[in-house]
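The values are calculated or read from the model by the stated rules, or taken from the named source; none is laboratory data. The structure displayed is predicted, hence computed values, not measured ones. With ideal geometry, Cβ positions are generated from the backbone for all residues, glycine too; neighbour counts draw on all protein chains shown. Ligands, DNA and RNA are excluded from the accessible area calculation, which covers all protein heavy atoms including side chains. Shrake-Rupley method; radii C 1.70, N 1.55, O 1.52, S 1.80 Å.
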Amino acid sequence: MLLADSAQVADGKLFVLGGGWSQTGPEPAPSAVALYVKVPWDQANRRHTLVLKLVDSDGDAVLVQGPEGEAPIQVQSEFEVGRPPGMHQGTPIDMALALNFGPISLAPDGRYEWRLTIDDRSDEDWRLAFSTRPMGMTPRPPTIG
């Protein structure tokens, strides 16, 4: 999992723009979560459920106002990968996924986390934490040396 300004998948490969950040804001900005999943050989040719949700520092769902009231920021999808012809038995199958989001209003000086579950299973590596800068703080380019 990788935070980025934007991402896309073409020919099974991830293309990431502005990837690898862990601080944003405080103003809302577009963002993306780039996912690279290795599906075990024995889990190919089966339907799987993927859920990616945004939570705050207390682990509560981040809510946004929608046409039907407040709703959590989350993506839920099903996927299935097939075994390509000629692939050696036991080889995991790659799956790339790019999830792009418009600007999301988040509280300044906060801590947030994208959490991924697949088939109701999670892993510590399937969490992607980031912070929002305090109000009035502008990002500075890194210095070298």
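Output the residue which, of all residues in segment 108-134 that are among the aliphatic types (A, V, I, L, M) and within 16 Å of S31 (Cα to Cα), is surrounded by the fewest Cβ atoms within 10 Å (Cβ to Cβ).
A129
Restricting to segment 1-31, name every residue that is aromatic (F, W, Y) and crowded, with 16+ Cβ neighbours inside 10 Å.
Hits for segment 1-31: nothing passes.
What's the total number of residues in segment 95-136 that are more than 23 Å from E70 (Cβ to Cβ), among the aliphatic types (A, V, I, L, M) and in a loop (DSSP other than H, G, I, E, B)?
Looking only at that region, the number is 1.
When only residues in segment 67-94 that are among the aliphatic types (A, V, I, L, M) and either assigned to a loop (DSSP other than H, G, I, E, B) or over 21 Å from the mean Cα position of the chain (by Cα) (or both) count, which is surrounded by the fewest Cβ atoms within 10 Å (Cβ to Cβ)?
Within segment 67-94, the match that is surrounded by the fewest Cβ atoms within 10 Å (Cβ to Cβ) is M87.
Each row is one residue, and each column tells you yes or no for (1) at pLDDT below 95; (2) within 16 Å of F130 (Cβ to Cβ).
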position	(1), (2)
V16	no, yes
Q43	no, no
G86	yes, no
I93	no, no
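Pairs under 6 Å by beta carbon, first residue under 16 Å from L106 (Cα atoms) in segment 10-33, partner open to solvent by 60 Å² or more (accessible area, probe 1.4 Å) and hydroxyl-bearing (S, T, Y), six or more apart or different chains?
Between residues of segment 10-33 that are under 16 Å from L106 (Cα atoms) and residues that are open to solvent by 60 Å² or more (accessible area, probe 1.4 Å) and hydroxyl-bearing (S, T, Y), the close pairs are P28/S105.
Do you know which residues across segment 32-66 are open to solvent by 40 Å² or more (accessible area, probe 1.4 Å) and part of a strand (DSSP E or B)?
Hits for segment 32-66 are Y36, K38, T49, K53, D56, A61, L63, V64, Q65.
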